[in-house]
Ligand SMILES: [Zn+2]
């Protein structure tokens, strides 16, 4: 490693004469020793924005506490140290673990079908507050009850025929976990090298595309479960756009200026392909409370994501007080928190869709 060789040579130069140094440098044995000497210096310094190589220069309003081209070991260990990416890493890593816990809980739960009663609570189309899959507060408050034999026995006893498929729901959970994990990894590892930053950004971009696509699966599948033509049409379109966007994210050839209009068109189509089924759902099922409540959830989700993107693009508050939010409170951290809030809101909407179809039963 270059840092170690430099330190060794500096020390050598201070103790020996110039001729000896020249002799040492000409000696293959010493040259080998210099190369082989392990690096004992583990404390890499954080640097300022001005000292960064171009590929790490992203936000000129964050002035200090940057890691720059650190070796792998130090880069990985920086997960547990303080720098200007610490909260960016941990906000999405905690989000990943929240969604992992929600997934494990959802898998552990016994799904119920079109039963009229669960644990003595009558369920009908207007009683949508009964959620059988876990929310965060539900997870905490009832975590001790889930595995009690009586509860499971009741659930099994109540399980009716006609339970709807879960794959759109799990696809969304997978998309959320992938996005949050790749984002966290991108923030942790990008400081290592230009090549690594390039790769991680591509993966991060693909994770975001996967989250967008899988977000539409519960909405489209459960809304149009009994209208297979529209269900397949919408799922086909959003999947095709998603695959195209991920390819655009991964292959460098698509990053060239000639493909700028193609890239813009793909994202436009992804956005529109999400709005159309929401409007269609309200048009067809507007008379059912669940259609309106889930639409409110989708609007709240859109609001979280929208505000997040504005904060991200505007780079506030650090733009107003450069250097004051280097460690805590800069725009990217706020953006991450808003993304998790949006994803969790969509999770609650997905649970509602699932309950709706469980109650209605198969078509
Ligand atoms: Zn990020």
* Asked: Would a scan of segment 325-332 turn up a residue that is surrounded by fewer than 20 Cβ atoms within 10 Å (Cβ to Cβ), away from the ligand (no atom under 16 Å from the Cβ) and more than 27 Å from residue 223 (Cα to Cα)?
  -> no
The correct count of residues that are more than 16 Å from the ligand (Cβ to nearest atom), within 27 Å of residue 351 (Cβ to Cβ) and either within 21 Å of the chain's Cα centre (by Cα) or free of Cβ contacts under 8 Å to residues at least 40 places away in the same chain (or both) in segment 289-324 is 11
Taking segment 52-65 and the residues there that are farther than 20 Å from residue 182 by Cα and touching a residue at least 40 places away in the same chain (Cβ under 8 Å), the one that is surrounded by the most Cβ atoms within 10 Å (Cβ to Cβ) would be 62
Note on segment 335-345: residues within 13 Å of the ligand (Cβ to nearest atom) and either surrounded by fewer than 19 Cβ atoms within 10 Å (Cβ to Cβ) or in contact (Cβ under 8 Å) with a residue 60 or more places away in the chain (or both) are 336, 337, 339, 340
Residue 208 vs (1) assigned to a helix (DSSP H, G or I); (2) in contact with a helix residue (DSSP H, G or I) (Cβ under 8 Å, 6 or more places away or on another chain); (3) more than 14 Å from the ligand (Cβ to nearest atom): all pass except (3)
Problem set entry | residue 63 vs. criteria at pLDDT 95 or above and part of a loop (DSSP other than H, G, I, E, B) | yes
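The values are calculated or read from the model by the stated rules, or taken from the named source; none is laboratory data. Note that the coordinates shown come from a computational prediction; the quantities given were computed from them, not determined experimentally. Quick reminder, even Gly has a Cβ in these numbers, built from the backbone with ideal geometry, and neighbours come from all protein chains shown.
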